[in-house]
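These notes concern the structure reproduced below.
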Amino acid sequence: MKSALKAGFGNSMITEKLADGFNVEAFADLGASFRSLRSYFSSGLFMIMIIGFLVNSFLSGGLFNSLKGISGTFSSSEFFRASVKNFWSFFVISLIISMIILLMAILIIVLPVSIASQSESSPDGGAFKTAIIVTSFFLLVLTLLLLVADYARAWQASNDNNACFKAIGFGFRQTFRTFFSSYTLMLILFVVQGLYGWLVLSILPGMKPVKEGGILILFLISQLFFFIKILLKTWRYGSVTMLMELDNSKKAI
């Protein structure tokens, strides 16, 4: 990507337009360099997504294991031992739920919007209104599926035997059996995460450092936001784990 950018921009002063943020005009005349840049970006993005998926499956195993029970203690060796033990089960759970989410996105968003945009009888702005409605509905379905995934991983972390398909089955049963309390909690957590995401998008794009000190401050702030994001995810995992344990204790009584 760096080589493609250097070849495309050279010593051009058009890069000064990037000082105020992303400017599409700076990339409009790159020609063949833009095609190379797009190829490198797509390959890099795909690689990051794959690595992120694997790392998330690995670390989630240790995180869910650390959140179970009421000991209140943390052991790094136990964390990574659980990460290794639960990796493949968590990987399969995340993969299956991700495929279901993708299928739901196609059925709920892509197909209705495509039909609305190609329909000659559709009024002006009909496709946009359809997209808003179906996207809102998809977010509700997405919340439900993520709740299933969290319950499945919480169950797997609490059991010694790796049984990813049994865990997914438990996730669906537990979600619909405790639908009101579980879904209400997940909606509250999602609203908090949505407000946090809006705050981050409101602050970071407005920061345009031009000196080393400003770049360092931007880096530290971005790391702080990333740390808070991890805390919010831990809050979600811990809340779902606690709901499962409370329900299990009620059934034991």
>> Run the simple label-point estimate for LEU195 and ARG173 please: 7 Å along Cα→C-beta, distance reported in nm.
In response: 3.7 nm
> Between rounded, prolate and oblate, where does the range 71-218 land on the alpha carbon gyration tensor, with a ≥ b ≥ c its root eigenvalues, rounded for a/c under 1.5, else prolate if a/b exceeds b/c?
Replying inline: oblate
> Hey, if we sort PHE170, PHE226 by accessible area with the 1.4 Å probe, largest down, what's the order?
Replying inline: PHE226, PHE170
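With r as the distance between the Cβ atoms of ILE115 and ILE203 and R0 = 41 Å, compute the FRET efficiency 1/(1 + (r/R0)^6) and round to 0.05.
0.60
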> Once phi is turned into ³J(HN,Hα) by the Karplus curve 6.51 cos²θ - 1.76 cosθ + 1.60 with θ = phi - 60°, what whole-Hz value does each residue of the range 173-190 show in order, with x for glycine and proline?
Replying inline: 4, 5, 5, 7, 6, 10, 4, 4, 5, 5, 5, 4, 4, 5, 5, 4, 5, 5
> lysines near LYS2 by alpha-carbon distance under 27 Å, same-chain residues fewer than 8 away left out - which ones?
Replying inline: LYS17, LYS208, LYS211
>> Compute, for the range 46-194, the length of the dipole vector about the Cα centre, with Cβ point charges of +1 (Lys, Arg) and -1 (Asp, Glu) only. Units Debye, rounded to 20.
In response: 460 debye
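The values are calculated or read from the model by the stated rules, or taken from the named source; none is laboratory data. Being a predicted model, the structure only gives us computed values, none of them experimental. No Cβ is skipped: glycine too gets one built from the backbone with ideal geometry, and neighbour counts run over all protein chains shown. SASA here: full protein model, heavy atoms, side chains in, ligands and nucleic acids out. Shrake-Rupley method; radii C 1.70, N 1.55, O 1.52, S 1.80 Å.
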